[in-house]
Each structure stands twice: as structure tokens, then as C-alpha cells.
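Values in this text are rule-based calculations from the coordinates and carry no lab data. Not measured: the values here are computed from a predicted model. Please note: Cβ atoms are built from the backbone with ideal geometry, for glycine as well, and neighbour counts cover all protein chains shown.
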Amino acid sequence: MTVFTGLIYTMFITGISQLFFREKANGSIIQHVGSELIGQKFTSDKYFWSRPSATDYNPLPSGGSNLGMTSKALQNNALANTSNFRAKNELSESTIVPNEMIFSSASGLDPHISVQSANLQVKRIAKARNINESAIVQLIANLKENRQFLFLGEERINVLLLNLELDKIAKQ
């Protein structure tokens, strides 16, 4: 049983995954940058920002902050994240900041943001890169991922892939 489950089964599953799901099986690594499956830390005004991470985007101790709704620390973090996002993106006090830009994800490594969050960052990025806002809006539209199975979740944008494409259009 040890030989079967430890060797034969493992080699069989590895072979199947390499044959049919090579990119996923190897972690969707983008050479010299990171993985499109794990959130990355972007702080420059020239890039789209990922959602906050309780682990500072470290995949080893991945997890949420475990702060409850009555936690003063959670409330302070939410207020700080909201005001920072509004200030950096030159948004009015009445602009509703999407939740994923205020609170960290359960894993702390979510690689996606909503289309709304991306669109709220366009002005800052266009100004920092001195490029036309419409080019960035078009890039968001081109890279938008639909709901999974057409009904799960929301439309979303992979921040790493978006920033890589942003670098490409900025060089043109």
C-alpha cells in the first residue's frame, strides 16, 4: 500500500497534472516576477494596488488577521485604509471605497481586485505615468475576468497581470 499510495499514485497524478494542467500544476509562475495566483505588494503610484494583506503578502503564514467586527484594531485599520485610498486616488469623501481595498482577504494573498477598485485607481496611475486615462480604462476592460462558471463571484482583475500589461503600454 505504501508503494502504491506513495509512489505509483503520486507519479500518476503528477503525470496527469503535467499533461493537462501544466501551468496550474507548476504554480502559474511568471518568470522573475511572481505567481498570478498569489497577491503581490504594489505600493508605487505607477501601479494598481492589491487589496491589503494581513501577512504582508508572505505566503508561508498565510491567513487573515482574525480581528472581529468589534475589534478596535480592525476599525482603525479600516479607517486608515479608506482614508489612504481616497487621498492617494484623489477621491471625494462621498466616494464609496470597495471592501476589498479596506479589508484584507481571508488568506491575505488574494491576487484579484474588483473592476470598480481598478477604475478608482486610473486617475492616480495616469498622472504618475503621464499616459492617457482612456488607455488604462481599455486595459482594464481587456483583462477583466468574468464570474466563475458565469454565476460565482464577481467580475475581477488580476493585479499582477494588469500591472505587467500596464508596463508594456507605458513603454510604447
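In the set MET11, MET1, MET69, only one residue is more than 22 Å from the chain's Cα centre (by Cα) and under 25 Å from GLU154 (Cβ atoms); that residue is MET69.
For the range 79-95, give me each residue that is surrounded by 17 or more Cβ atoms within 10 Å (Cβ to Cβ), of a type outside the set (Ser, Thr, Tyr) and touching a residue at least 12 places away in the same chain (Cβ under 8 Å). So that I can check it myself, show each step before the final result.
First pass over the range 79-95, keeping only residues surrounded by 17 or more Cβ atoms within 10 Å (Cβ to Cβ): 81-82, 85-86, 89, 91.
Filter once more, so that each one left must be of a type outside the set (Ser, Thr, Tyr): 81, 85-86, 89, 91.
Correct list: ASN81, PHE85, ASN89, LEU91.
For the range 96-112, how many residues are more than 11 Å from PRO52 (Cβ to Cβ), out of contact with any Leu (no Cβ under 8 Å at 6 or more places or on another chain) and of a type outside the set (S, T, N, Q)? Residues that pass the stated criteria total 4.
Name the residue that is surrounded by the fewest Cβ atoms within 10 Å (Cβ to Cβ), counting only residues in the range 124-167 that are in contact with an Asp or Glu (Cβ under 6 Å, 6 or more places away or on another chain) and under 25 Å from GLU93 (Cβ atoms). Looking at the filtered set, the residue picked out is ALA128.
Residues in the range 96-150 that are free of Cβ contacts under 8 Å to residues at least 24 places away in the same chain and of a type in the set (D, E, K, R): GLU133, ARG147.
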